[in-house]
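Just below is one structure, and these are the notes that go with it.
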Amino acid sequence: MEKDYDSAKDNKSVAEEPSIGYLIGFSQTGMPYRLFESQTKSIPFTQGEWSDVLHLSERTFQRYKKENKRFESIYTEKILEIILLFRRGRSVFGSTKAFYQWLITPNVSMGDVKPYTIIDNTFGIKLVTDT
């Protein structure tokens, strides 16, 4: 049986205080689009940027939104990793805006690539987190 989006568990803010069990639960069952939207509203990605990092076409992304479709676990894991990356970035840079600006600026220590361009996979997310 699918979880109801309006449950108290789904309304908890992943971006603020995720517990390991909470994250694992969504990585296994998938995240409904409305929950994705509420948990990522502070992340300044456009729909196109989300499509890029998740490797989903914009049309598919729009369908998820229209139908409040549940993201498959592989996409949910990446969404959760990016939420945690932004949480870390806010703590290091002091604001989401400053962290986002850093993400889209070529980084000398990363071979002059924009960190944003490598966060479409777990290894890139780890490298950006470590940097």
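The values are calculated or read from the model by the stated rules, or taken from the named source; none is laboratory data. Worth saying up front: this structure is predicted, and the values here are computed from it rather than measured. When we count neighbours, we look across all protein chains shown, and the Cβ atoms used for this are built from the backbone with ideal geometry, even at glycine. Ligands, DNA and RNA are stripped out before the accessible areas are found, and what is left, the full protein with its side chains, is counted by its heavy atoms. Shrake-Rupley method; radii C 1.70, N 1.55, O 1.52, S 1.80 Å.
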Can you report the number of residues in the stretch 1-44 which are within 24 Å of residue 97 (Cα to Cα), surrounded by 11 or more Cβ atoms within 10 Å (Cβ to Cβ) and at pLDDT below 65?
5
In the stretch 45-110, which helices (runs of 4 or more DSSP H) lie fully inside it and hold 1 or more residues that are open to solvent by 30 Å² or more (accessible area, probe 1.4 Å) and among the basic types (Lys, Arg)?
58-67, 73-93, 96-103
Picked from the stretch 111-125 (must be polar (S, T, N, Q) and assigned to a helix (DSSP H, G or I)), the residue nearest to the chain's Cα centre (by Cα) is 122
